[in-house]
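The values are calculated or read from the model by the stated rules, or taken from the named source; none is laboratory data. For clarity, every value in this text was computed on a predicted model and none was experimentally measured. Backbone-built Cβ (ideal geometry, glycine too); neighbour counts: all protein chains shown.
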Amino acid sequence: MAETDTIPPEEDGIHDKEDRLLPEYVKQVIEAVEAGDDARARDLVEPLHPADVADLIEVVSQETRARLITALGHEVDAEVYAEMNDYVREVVIEEMDPAVAAELTGEMDTDDAVAVLEDLDDDDQRAILDAMEPDDRAAVEEALTFPEESAGRLMQRDLIAVPEHWHVGQVIDYLRSDEDLTSDFWEIFVVGPQHRPVGTTKLSTLLRTPRAVPITDIMQEEQTLIPVDMDQEEVALKFQKYGLISAAVVDENGRLVGMITVDDIVHIVQEEAGEDTLLLAGAGEGDINESIAEAYSERVRWLIANLGTALIATFVIAMFEGTIAELAILAALMPIVAALGGNAGTQSLAVTVRALATNQLTGANRWRTVGREFQVAMLNGITIAVILGIGVSIFLYPAMGAVIAAAILFNILIAGMAGVLVPVALDRFGADPAVASSVFVTTVTDTMGFFAFLGLASAVLL
C-alpha cells in the first residue's frame with residue numbers, strides 16, 4: 001500500500017504550526033490584488049480550504065476586502081460564505097446584488113442559509129428571499145419563523161427518510177436512483193405513516209445487510225428526538241451526553257421536519273462557551289470585526305454598572321474615615337483584602353456558571369454544591385489568612401496581622417458563597433447567570449471585605 005505524504009502546516013508555505021495563515025502569504029495575496037493581477041491572486045488562493053479562504057477575507061482590511069472578493073471570483077463560493085465571520089459576512093452580503101446573494105444562499109444547506117439571512121435587516125433579507133428559488137425560499141422562510149438559537153434555526157431539511165415497510169434493497173435502490181437526495185448523511189431515518197420517526201439505521205449497517213431484510217429489523221428504535229423549539233445550548237448538551245453524530249428534529253406533532261449534525265454542534269459549543277466568557281467580562285459579543293459603535297454600546301453599560309457598585313464600596317470606606325486617618329497603613333492593606341476576595345469570588349463564579357451551562361448543577365444537587373463551595377472557601381480562606389497574618393505580624397505588628405487574617409478569612413468565605421449563590425439565584429428566576437453575576441459578586445466582595453477589615457480595625461486596634 002502506498003503511503004500518502006502529509007505536509008505539516010508549517011511547511012506548506014501558507015500556514016504556521018497553529019494552522020493559521022502566514023503573514024507573508026497574506027501579504028502576497030494583497031499585493032497581487034492591489035496590482036490588479038487577479039489571476040495571480042486566484043492561483044495563490046486556489047489550494048485553500050473554504051474555511052481558510054474565509055479567514056483570508058476576514059484578516060484583510062475593509063478597503064481591500066471588496067477588491068479581494070471580486071478578484072477571487074468563483075473561488076468565493078457558498079461554502080466560503082458559510083464559513084465566514086458573521087459580522088464580515090453581513091457587511092459583504094449587504095453590498096451584493098440581491099440576485100447574487102440569493103444564488104449563494106440557495107446553494108447552501110438550510111441552516112447555513114438561515115445563519116446568513118437572520119443577521120440582515122428586514123429590507124435586505126426580503127430582497128434576497130424574493131430573488132431565491134421558490135423551494136429554497138419556502139424552506140428558509142419556515143426556518144426563520146422559529147425562535148433564534150433554537151433547533152428549528154439550526155436544523156437541515158435535507159435528510160434521508162424511508163417508510164418502515166421497506167426492505168433493505170428498496171432503500172439502496174432509492175438512494176441510487178434519486179439524484180435530488182442530499183449527498184451528505186450518516187444515517188437513515190425510518191418513519192411511520194404520519195412521518196413520525198420510529199428508528200434510525202447507520203449506512204454501514206445498511207450496506208452489510210442482505211437486500212431482503214426488512215429495514216425495521218436492522219434499525220435502532222432508541223433515538224434522541226429534538227423538539228423544533230429546543231434551545232441550541234440544550235441541543236448541544238444532548239449531543240455531548242449521548243455521543244450523537246446526528247439527531248432527528250420533530251415538530252409539535254412529533255413529525256420529522258429536519259436533522260441536526262455534529263458539525264453544527266461543534267460551532268454551537270464554541271459559540272456558547274465564548275459567549276459565556278465574554279458575558280462574564282461584560283464585553284458583549286467580543287468580536288474583533290464588530291463595529292466600534294456596537295462594541296462601545298455593549299461595554300460602556302457594564303462599566304457604568306461597575307461605577308455604581310464601586311460607589312457603594314467607597315461609601316463603606318468613607319464610614320471609617322477616622323480609622324484610616326489614625327492608621328494610615330490600612331489604606332495600603334485594603335487592596336489586598338478586596339483583590340483576594342474578588343479572585344475567590346471569580347473562581348467560584350466561573351465553576352458555578354459552567355456547571356449551570358452544562359447541566360451539572362441542578363435542583364437535585366444544588367445545596368450539596370453550595371456546601372462543597374463553602375468547604376473549599378473555608379480551606380482557601382484559612383490558608384491565605386495564616387500566610388498573610390504571619391507576614392503582616394512580622395513586618396508590622398501581631399494585632400494588625402490578626403485583624404487582616406480575620407478579614408481575609410471572612411471575605412473569602414463571603415466571596416465563595418456569593419460566587420455560587422448569585423448565579424444559582426439568577427438562574428432560578430430565569431435570568432442568564434453569565435450576564436449579571438460578576439457585577440453582584442464584585443459588589444459583595446468589595447463591600448463586605450472593606451467593611452470587615454475596617455470594622456475589625458476600628459474595634460481591635462483603636
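Things to note:
- Selection over segment 93-110 of residues that are crowded, with 18+ Cβ neighbours inside 10 Å and under 20 Å from H49 (Cα atoms) gives a count of 4.
Here's the yes/no breakdown for (1) crowded, with 19+ Cβ neighbours inside 10 Å; (2) under 24 Å from L311 (Cβ atoms); (3) in contact with a Lys or Arg (Cβ under 8 Å, 6 or more places away or on another chain):
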position	(1), (2), (3)
G371	no, no, no
P398	no, no, no
V403	yes, no, no
G419	yes, yes, no
V422	yes, yes, no
R428	no, no, no
V439	no, yes, no
V444	yes, yes, no
F450	yes, yes, no
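- The listed residues are D55, D121, and the only one of them that is among the charged types (D, E, K, R), closer than 30 Å to L22 by Cβ and either surrounded by fewer than 16 Cβ atoms within 10 Å (Cβ to Cβ) or in the same structural domain as H15 (by TED's automatic domain parsing) (or both) turns out to be D55.
- One residue alone among L333, L327 is touching a Leu at 6+ places or on another chain (Cβ under 7 Å) and over 25 Å from A236 (Cβ atoms), and that residue is L327.
- Residue in segment 391-400 that is in contact with a Gly (Cβ under 6 Å, 6 or more places away or on another chain) and either outside the structural domain of V235 (by TED's automatic domain parsing) or assigned to a helix (DSSP H, G or I) (or both) present: yes
- Condition check for T369: outside any loop (DSSP other than H, G, I, E, B), modelled with pLDDT under 95 and under 30 Å from A236 (Cβ atoms): yes
- Test: residue in segment 425-440 that is within 20 Å of I317 (Cα to Cα), out of contact with any strand residue (DSSP E or B) (no Cβ under 6 Å at 6 or more places or on another chain) and assigned to a helix (DSSP H, G or I): yes
- The set of residues in segment 300-323 being at pLDDT 75 or above, part of a helix (DSSP H, G or I) and not aliphatic (A, V, I, L, M) consists of R301, N306, G308, T309, T314, F315, E321, G322, T323.
- For segment 128-143, the tally of residues that are surrounded by fewer than 16 Cβ atoms within 10 Å (Cβ to Cβ) and assigned to a helix (DSSP H, G or I) stands at 6.
- Within segment 338-369, being over 18 Å from R428 (Cβ atoms) and surrounded by fewer than 17 Cβ atoms within 10 Å (Cβ to Cβ) holds for A339, N343.
- Some residue of segment 361-372 being within 25 Å of F453 (Cα to Cα) and aromatic (F, W, Y): no
- Just one of the numbered conditions (1) under 19 Å from the mean Cα position of the chain (by Cα); (2) over 27 Å from D43 (Cα atoms); (3) part of a helix (DSSP H, G or I) is not true of A113: (1).
- On the stretch given as segment 291-319, residues that are more than 26 Å from the chain's Cα centre (by Cα) and without any contact (Cβ under 8 Å) to a residue 60 or more places away in the chain total 6.
- Contact map, segment 17-43: residues that are not assigned by TED's automatic domain parsing to the domain that holds A71 and hydrophobic (A, V, I, L, M, F, W, C) paired with residues that are modelled with pLDDT of 90 or more and part of a helix (DSSP H, G or I), Cβ distance under 7 Å, separation 6+ or inter-chain. No pairs are found.
- The number of residues in segment 254-272 being assigned to a helix (DSSP H, G or I) and either surrounded by 18 or more Cβ atoms within 10 Å (Cβ to Cβ) or in contact (Cβ under 8 Å) with a residue 24 or more places away in the chain (or both) comes to 5.
- Of the candidates A127, A151, the single residue that is touching a Pro at 6+ places or on another chain (Cβ under 7 Å), touching a residue at least 40 places away in the same chain (Cβ under 8 Å) and not β-branched (V, I, T) is A151.
- Remark: pairs (first residue in segment 192-203, under 15 Å from I245 (Cα atoms); second residue among the aromatic types (F, W, Y) and in a loop (DSSP other than H, G, I, E, B); Cβ separation under 8 Å; 6+ apart in sequence or on different chains) = K202/W186; L203/F185; L203/W186.
- Residue selected from segment 373-396 under the condition surrounded by fewer than 20 Cβ atoms within 10 Å (Cβ to Cβ) and either touching an Asp or Glu at 6+ places or on another chain (Cβ under 8 Å) or of a type in the set (S, T, N, Q) (or both), by the criterion nearest to I329 (Cα to Cα): S393
- Of all residues in segment 220-253 being part of a strand (DSSP E or B) and of a type outside the set (V, I, T), the one that is surrounded by the fewest Cβ atoms within 10 Å (Cβ to Cβ): Q220
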